[in-house]
Structures are given as structure tokens and as C-alpha cells.
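One structure is given here, and the rest of the page talks about it.
The values are calculated or read from the model by the stated rules, or taken from the named source; none is laboratory data. This is a predicted model, so every value here is computed, not measured. So basically every Cβ, Gly included, is an ideal-geometry build from the backbone, and we count neighbours across all protein chains shown. The accessibility values were calculated without ligands, DNA or RNA, using every heavy atom of the protein model including side chains. Shrake-Rupley method; radii C 1.70, N 1.55, O 1.52, S 1.80 Å.
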Amino acid sequence: HEACINGNYQLVKMLIEQGHAINVRDNAGWLPLHEASNHGHRDVVELLLDNGAQSMINDKGGTKCDGISPLYDSASNGHLRVIQLLLDRGAKATIKTDANETPLDGLIRWYESSSDLSSSEKDFYQQLKARLEEQCEKVGINTKNRTHLSSLASSGYGSNTRSSSSQHHSLRYTTTISDESDNDESEKKESRRKNAGEDYKSVIDRLRNPYKRETHEQDNQKEN
């Protein structure tokens, strides 16, 4: 998970070659595919899909993940090349989050909050938007009703917009951000994700350094 968050292609490749489980969940229920999609690492997403994550391409995460799929992750953060790859590989644009949002909703909100897009990015966005709309319309999802999107934008929901200094975002969307208790819950979720990341760093470090791992186990025995 940590390697996918950081976009460390070589480390992800090495871990896969060593036989590490590719569809394992972290403490919150996220898959490595979620993390790579959320942070916009297209090469890592493709590597995961080619090595066993294809079967989980439409996964909605664990019970603490708000029903977010990898496609929604990439769409709500504006990672256009990742969106294209996931759609090409069979990701469903009709899967809704627990807040009843489709990836199209997340993509439109990202686009409307972005002010630094080039003309080529705008064209690419329109192409992907059309693909998402086509899937939704085939199953009867109304893509023309913008009322709910306007109300979400005005309330500040999903206000994690693209920064000119970085196109990658580590925060997840929550059902609201106007309610103080929801803010607290969001902070708790982020704290759990950071703790999970530290656990993965520790595990990987011990795998790379058997002596440190042995010392760590001896220290635990002394404490016990």
C-alpha cells in the first residue's frame, strides 16, 4: 500500500515478484489498487491490473471506505490517464458510493473546481466525461440533472481540488464537511490511514533487513 501511495513502481514490482498478496486490504479496507488510483500513478495501476488486481477493479473497499471504487478515486481527483486506463480495462461508471455518487459526479466536481487546466486537458476531460455519461445512460442514470451537484458544491462537499503545485491528493471524500462531527470522523479516518502506512513501512523495512527484524523480535521477547 505504501509503495502504491508513493508511486514506487520498482518496489511494487519487487513485492509482486516476491509473492506478496496483491489484493490485501489495509486497516481501513483499501486495496493497493485504490491507493494507486487515488494518487494518480497510472504505471502502478497498470502493473497491479496485469498481476491480479483486475478481478478487483470495481471493488468498493471495506466498511470504512464509503463505497468508493478505484474509478471514483481517480475521477474525483482528476487523474485523467488513470480514468482512461480503468475504463479501458472494464471499470464500471455506474457503481455508486454510499453517498449515491457515480464517478461522473466526482469528475464533474473536480473539473468545476479546477482553474489551471490546459486546452488539451479540457479536451481529454470532455472525452472521458462522454464515456462515463454513456455508461450511466445505458442503465437509466440521469446525467443531465445537475441540481444535486450544485448543492454539493455549495455545501463544500468534496472540496479537495487540484493544486497547481501538485496533482496528487491523499485525502478521501466524506459525506459532508460542514458538520463538525463529520470533520472529526474524517480526521480519525485519516489518522488510521497514516498509522496503517507506518505499519507497512515497518514491515517492508524488516523484510529488507533481516537483522533488524531479528533484533525487533528479540526486543519483543524481552518486553514480554
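Per residue, the accessible area of the stretch 59-154 comes to 46 Å² when a 1.4 Å probe rolls over the protein heavy atoms. Take each peptide in 130-142, 34-46, 113-125, count the other Cβ atoms within 10 Å of every residue, and average; sorted highest first, the result is 34-46, 130-142, 113-125. Restricting attention to the stretch 1-146, lysine pairs at least eight places apart or on different chains and with alpha-carbon atoms under 20 angstrom apart total 12. Its residue count N fixes a reference of 2.2 N^0.38 Å for the stretch 32-119, and the Cα radius of gyration divided by that reference is 1.02. Geometric descriptor of the stretch 1-147, per residue, is 112 Å³ (volume of the convex hull of the Cα atoms).
Of the peptides 71-77, 106-112, the order by per-residue mean of other Cβ atoms within 10 Å, starting with the highest, comes out as 71-77, 106-112. In this simple spin-label approximation, GLN127 and ASN51 carry label points 7 Å from Cα along the Cα→Cβ vector, and these lie 2.8 nm apart. Once Rg and the Kirkwood radius are both taken over the C-alpha atoms of the stretch 71-145, their ratio Rg/Rh works out to 0.94. Label point of TYR9 set 7 angstrom out along Cα-Cβ; within the stretch 45-62, amide nitrogens under 12 Å from it belong to 45-48.
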